[in-house]
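Every read-out reported here was derived from the displayed coordinates using simple, explicitly stated rules and does not represent laboratory data. All of these numbers come straight from a predicted model, not from anything done at the bench. Cβ sites come from the backbone with ideal geometry, for glycine too, and all protein chains shown count toward neighbours.
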Amino acid sequence: MPDVENLLDIRRLISDIQHKKLVRSYDIALRTEELLEELISKGQWKSAKELMNLVKTRIQLVRENLPQEATAPNIMRHTLKVIREEYQSASKKKDEGQSLHELVTATPSNVLDYSDSLIDLRSSIVDHLTEYKVELESSSENIAAQALEHIHTNEIILTVGKSKTVEKFLKRAAKDRTFNVIVVEGAPLYDGHTMAASLAKSNIQTTVIADSAVFAMMSRVNKVIIGTHTVLANGGLRAASGIHAVALAAKHYSVPVMVLSHMYKFSPTYVGSPNHEAFNVCVSPAGVIPYATGPILKQIEVYNPVYDYVPPELVTLFISHQGGNSPSYVYRLLSELYHQDDYDL
Amino acid sequence: MDGAKVREFFCKIIREDEDVSVGVAAIRTLMEIIKHSKSETVQELETNLKDGINVMKNTDYPVAAINSGCELFLRFITLAALDTRCFSDCKKIMLDRGHLFIKKLDEARGKIVRLASKFIEDGSKVLTHSRSRVVLQTLRKAHKQNKRFEVFVTISAPDNSGKQMCKELQAEGIPCTLILDSAVGYIMEQVHFIMVGAEGVVESGGIVNKVGSYTMAVCAKEMKKPFYVLTESFKFSRLFPLGQQDLPEEYKFKSSVRKSSDLKKVHPLVDYTPPAYITLLFTDLGILTPSAPLSTYKNIIWKSIMNMTPIQDVLIMDH
Amino acid sequence: MDKMKSKASTDGSTKKEKKNKRKQSKDSQDDVKPISNEVSCEDNKNELVDEKNDSTKNDATAQKLSEKELRRLEWEKKLQSQKGDKEVTTISNTKTTQQQKQLSEKELRKLEWEKKLQEQKAGDTANSALSKAELKAKRREQQEAQRQAKLAAEKAKKPPSTTPTKDTAKEVSKVEKKTVPKKETKKIIDLHRVQLVQHLYAEMPQKQDSKLLVYNNIHPAFVKLGSQYLNKTILGSNARTLALMAALKRLIYDIQTPPKQELCRYLENVLQTCTNFLQNCRPFAVSMVNALRNFKLHSTQIDTNLIDSEKKARLQDIIDVYINDDIYKAGDAISLKVNEKISDGDVILIYGCSSLLKKILVDAHKDGKKFKVIVADCRPLLEGKEMLRRLVVAGIKCTYIFLNGASYVMNSVTKVLLGAHALLTNGYVMSRIGTAQIALVAKAYNKPVLVCCETYKFSERVQTDSFVYNEIGDPDLLSKTPGTEDPSPLSKWKENNKLTPLNLLYDVTPPDFVTAVVTEIAILPCTSVPVVLRINAIDTT
């Protein structure tokens, strides 16, 4: 068992997320990356195996405390892959793949156990991670750079709530093209208001509608561009509540739904059903019905779910910094991002 | 080993060991052939094996499983031959690998069971078709995890294999209802998801399975219920059926029927379910999405093949 | 005030128009911009002259207008300058009794300047009599004229006469743009309109709308009703219809037939004025139109030889029968039919507030059925809260969610019950905005959707989108965030002309989302609406 002292870093991260000091997934991603860099360069480990165990305990801790959190575990999972790769190139041993043949022909002698202590490993992993950090930082810039490939003149684009990535994307497109944006306010957070005000400031013709008007407006919308909380392994989404209805309406009118997502939002998790306990979380009903409503509150139940599950068939395209991909390609992106053994930790 | 012996051995395994799937039985038979083979060269051995395969295909067991299992096994034989020059060594390696292979296959089912049992939630109602060992084990496992759930099993004409499935589930203490094949549409409204096995998984990402699976999948799609397929990866076969008619006849009909009667008037044993109707595939290689073939695969050797399903990915990696 | 009969008529009597305008400017105490649709600019000389009076740039008004209007205005001015100056005198004479109003320092100076210019131009002594207040009144008139001009332009997309002068007008407007300092705040009212639904803004009632003030001789019951409609204190098709019927009864009770007139005829005229007034408060619901049509149809069938008190009794009867049969009894019948479909253990999702649904659910509860209700609700009206309160008072187990949580709860739902504003002939259901979305999610989860609707809400209209015919609510309702002290980032939307909140009131639900419509006649598929309409038509004739 790793002693508690060593896990202070991750506990602090968890508490910061729990207390909403870290809200944006981008901030969480950066914090996690920094945490890992610290762990790798200063942590007490002698072999890749030990380091991997250190990371794995951290992933497990996050999963236990924040079952919905995807960004931090994904960054760590990717780091595991980095460690594996660096170890392999340093030790000149090849990882057996997932193919049946290789499974069968594998002999115990050449099985990788990551236990050798290699001298250059620490520095090479840190180097690799630094590169990754640069990639993280430029990610939303790279996504925004594709804006003109997706938005044409005089389009009507619908978006829901607020997403920094979407905001950047639309503003970039607005530099060269004129188009209209319809912002769904996204009750009960109403962060669509902030989004709309910000877009309008950048000279984009913006219309704000209530959540209820989505179906009515959708018939005139050309594209739906949204952000997401997580992209699941089957190409589905865990997105802000209300987006399922938006995606359904889009499907009804055959409007393409584009999801802007950073690579760290792609998660190798499958969801049995959206009603699975670990999938959704309900927060304080105060946003839905104020406490001041009176004694009636004692007699009713109020739900305020945070997420919606959006099945992959409702998503047209994922736009990450690497470009656009369809939902059926997600499994491949995942295998590039993470090692198969780390999918389920 | 002559044909009769091969057939006898093969049928004996299936008869005696309830838990062994036809594919594994076929592989075991091939191992037996290697063990008793008096051949002196690799080529001769290969011919022996191919003869054996043909014998097995002509039994009345589902060809799909025999085919893919044997195909895979043969591949190792040739690979083993490349590894060594001496024939006796080669034979030893083959047998060693064969055992390892069978061991892995046994593990495969456990892996699938582990993956799939997570998808069974408390209070869920599961619909399954015919009898599938891996589905049975998954349900057992979920039951052992103290999950409360209900199972509906189709009777699955013409061999009524669903009856046995139902009996086995009830023996475990799992609430189970036997339904008519024609009642699939009726029951679909109340079930939460469908779990079936497969005799073979084809390159499109679709499956070949006991007749009636397709009906069930179409119905599930219409009712928006997830359709899960549980299958070992040795059942992946290099076949791309375009439709029911395109399915090889040896898959659809028993060998005895094939020879004697007018095939138009015989009920087929299996049908083909296209990938669009399948939600997820649970395999020992992990959970796969069948969906539309769209992915590009960066394998140097197979560069030319640009559009592939996950299934094809797996198949291609094996070459 | 019978000249208000036709709201959209493009040519009105100029004389009356003028009188009307004077009244407006006299009556309205605050800075309301009068809206009037009655007159087309081309034919109205007076207006042209009005503009002539202020032919030099009038900042306050000019900035109010969009570029298009500016151009148009310029063009009008040009036309006027070609005309004689005689009419100016007549105008100014009519305006001598205007009330003096306080003007800001700036305005005063501006007006002074305008006056000077006018004097120079007109070269007429009559102008010297103009007071500041008159000027203001005139400016108002001018505003109105411009508005009318704009409306007319909208109606006849391209007024044929504009084309020849367009180029020159453009030039002028360019010059003007340079000289006139821009004040954005005045311009936004027109820019803040969502292109798709431009046509709906014209009908959008505004609080303290001066066009309502032109009505007199309105029965107080209708005045009260109008304000209740306007302020949305009476909501829902049924409630609105019942209130209308009650007001109508009151009117019949109070009405005094002038000598030599027939009661029913007279009543019809009075009613017409009243309904016009109500229309301006809020466009009629389909149910109201149907109820009124029924009343009018039956009132014509009354024997003209009866004495007034008997006629009145007959008329009251017509209303009572209608309310009883088409609203109350229909509700009972629907409740019975839906109750057959509600069984123990059901989880019923409803949306917003509906008197009919409340009745159905309370009846089912009284029958001893054990079920749960999920009330979905959405901003900005939050009618669901009222529904929730009523159901809880009745002792029904309730859950409350916002619309965005619909997908979350839908899996556990067994039936979806929805109210309707109207059922259209093509089978589409017109209802409060958000209904279509609930039905859509229900469809995605394969849950049965029942729309409960009395047949008197069936409409002969066909519609496939939510834009052609709809209503626009107060956009300010959207820019407030409930529950927090901080103002929403939207609260200053009027200052940014790129930002527009849109508050639509209705949407239409396609028939493929609806399992069945429950009416008092039977449980029907949506597509049977025309059949029912036909039966009803045969019954009434």
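Counting only pairs 8 or more residues apart or on different chains, how many lysine pairs in the range C:408-541 have their Cα atoms under 14 Å apart? Spell out each step's value before the answer.
Numbers: C:LYS415/C:LYS443; C:LYS415/C:LYS447; C:LYS480/C:LYS492; C:LYS480/C:LYS494.
Eligible lysine pairs with Cα atoms under 14 Å apart amount to 4.
To the nearest 500 deg cm²/dmol, what mean residue ellipticity at 222 nm is calculated for chain A from DSSP H runs of n ≥ 4 alone, each contributing -39,500 (n - 2.57), summed and divided by the residues? Spell out each step's value before the answer.
Values: 12 runs with 150 residues, N = 345.
Mean residue ellipticity, 222 nm, calculated: -13500 deg cm²/dmol.
Quick one: net charge of A:LYS201's neighbours, Cβ under 12 Å, K/R +1, D/E -1? Before the final figure, lay out the partial values.
Numbers: positive: A:LYS171, C:LYS492, C:LYS498; negative: A:GLU167, C:GLU495.
Here the charged neighbours net out to +1.
I need the peptides C:298-311, B:31-44, A:327-340 ranked by packing, meaning the mean over residues of other C-beta atoms within 10 angstrom, with the highest value on top. Kindly include the intermediate steps, with their values, before the conclusion.
On the way: C:298-311: 12.8, B:31-44: 14.5, A:327-340: 19.9.
Taking the mean over residues of other Cβ atoms within 10 Å, the ranking is A:327-340, B:31-44, C:298-311.
Across peptide A:150-162, how many C-beta atoms of other chains are within 10 Å of each residue C-beta, on average? Write down the numbers at each step before the final one.
Values: counts 0, 0, 0, 0, 0, 0, 2, 0, 0, 0, 1, 1, 0.
Neighbouring Cβ atoms belonging to other protein chains average 0 per residue here.
Jot down the per residue volume, in cubic angstrom and as a whole number, of the convex hull over the alpha-carbon atoms of chain B. Mind showing how you got there, number by number?
On the way: hull volume 43.4 nm³, N = 319.
Given the Cα convex hull of chain B, per-residue volume reads 136 Å³.
Which value in nm describes the separation of the simple spin-label points at C:ALA537 and C:ASP320, placed 7 Å from the Cα toward the beta carbon?
Reported label-point gap for C:ALA537 and C:ASP320 is 3.2 nm.
How many Cβ atoms of partner chains, on average, are near each residue of A:185-198 if near means within 10 Å of its Cβ?
Whole-number average of other-chain Cβ neighbours for A:185-198 is 6.
Just to confirm a number: summing +1 for Lys and Arg and -1 for Asp and Glu over residues other than B:VAL191 whose beta-carbon lies under 10 angstrom from that of B:VAL191, what do you get? Intermediate values should be presented prior to the final figure.
Values: positive: B:LYS125, B:LYS225; negative: B:GLU150, B:GLU189.
Once all neighbours under 10 Å are counted, the net charge is 0.
In Å and whole numbers, how far do the C-alpha atoms of the range A:146-342 stretch along each principal axis, longest first?
54, 48, 27
Taking the Cβ-Cβ separation of B:ASN160 and B:ALA4 as r and a Förster radius of 22 Å, what is the calculated FRET efficiency to the nearest 0.05? Display every interim value, and only then the final one.
Numbers: r = 30 Å, r/R0 = 1.35.
Efficiency for this residue pair is about 0.15.
Using helices alone, I'd like the mean residue ellipticity at 222 nm for chain B: each DSSP H run of four-plus residues gives -39500 (n - 2.57), total over residue count, nearest 500. Could the numbers behind the result be given before it?
Numbers: 12 runs with 154 residues, N = 319.
It lands at -15500 deg cm²/dmol.
Normalised by the empirical 2.2 N^0.38 Å for globular proteins, what value does the Cα Rg of the range C:412-531 take? Intermediate values should be presented prior to the final figure.
On the way: Rg = 17.3 Å, N = 120, 2.2 N^0.38 = 13.6 Å.
With N residues counted in the range C:412-531, Rg over 2.2 N^0.38 Å equals 1.28.
If you average 1/r across every pair of different Cα atoms in the range C:303-435 and take the reciprocal, what Kirkwood value do you get, in Å? All intermediate terms of the calculation are to be shown ahead of the outcome.
Values: mean 1/r = 0.0600 Å⁻¹.
One over the average 1/r among Cα pairs gives 16.7 Å for the range C:303-435.
Between the helical axis of A:121-145 and the dominant principal axis of chain A, each derived from Cα atoms, what acute angle in degrees is found, rounded to the nearest 10?
20
What is the fewest-to-most order of C:THR435, C:THR509 by other Cβ atoms lying within 10 Å of their Cβ?
Values: C:THR435 31, C:THR509 27.
Taking fewest neighbouring Cβ atoms as first place, the list is C:THR509, C:THR435.
Helix B:87-117: angle to the longest alpha-carbon principal axis of chain B, degrees 0 to 90, nearest 10?
For B:87-117 against chain B, the angle is about 10 degrees.
Relative to the longest principal axis of chain B, what angle (0 to 90°, nearest 10) does the C-alpha long axis of helix B:133-144 take?
50
Which value in nm describes the separation of the simple spin-label points at B:LEU242 and A:GLU38, placed 7 Å from the Cα toward the beta carbon?
6.2
Can you tell me the alpha carbon radius of gyration of chain A divided by the globular rule-of-thumb value 2.2 N^0.38 Å? It would help to have the intermediate numbers written out before the result.
Working: Rg = 22.0 Å, N = 345, 2.2 N^0.38 = 20.3 Å.
Relative to the 2.2 N^0.38 Å estimate, chain A comes out at 1.09.
Computed FRET efficiency, Cβ-Cβ of C:ASP474 and B:GLU172, R0 60 Å: what is it to the nearest 0.05?
0.40
Tell me the label-point distance for the pair B:LYS144, B:LYS92, using the 7 Å Cα-to-Cβ offset, in nm and rounded to one decimal.
My value for the distance between the label points is 3.7 nm.
What size of dipole, in debye to the nearest 20, comes out for chain B about its Cα centre when the only charges are +1 on Lys and Arg C-beta atoms and -1 on Asp and Glu C-beta atoms?
Rounded to the nearest 20 debye, it is 340 debye.
Rounded to whole Å and ordered largest first, report the semi-axes of the equivalent ellipsoid of the range C:212-329 derived from its Cα gyration tensor (root of 5λ). Show your work: numbers first, answer last.
Details: eigenvalues 107, 65, 22 Å².
Gyration-tensor ellipsoid for the range C:212-329: 23, 18, 11 Å.
Let me confirm one metric for peptide A:304-312, namely the mean number of other chain beta-carbon atoms within 10 Å of its residues' beta-carbons. Can you show the working numbers first?
On the way: counts 6, 8, 3, 2, 5, 2, 1, 4, 3.
Partner Cβ neighbours, averaged per residue: 4.
Given a Förster radius of 30 Å and the C-beta distance between C:SER412 and A:SER138 as r, what FRET efficiency does 1/(1 + (r/R0)^6) yield to the nearest 0.05?
The computed FRET efficiency comes out at 0.10.
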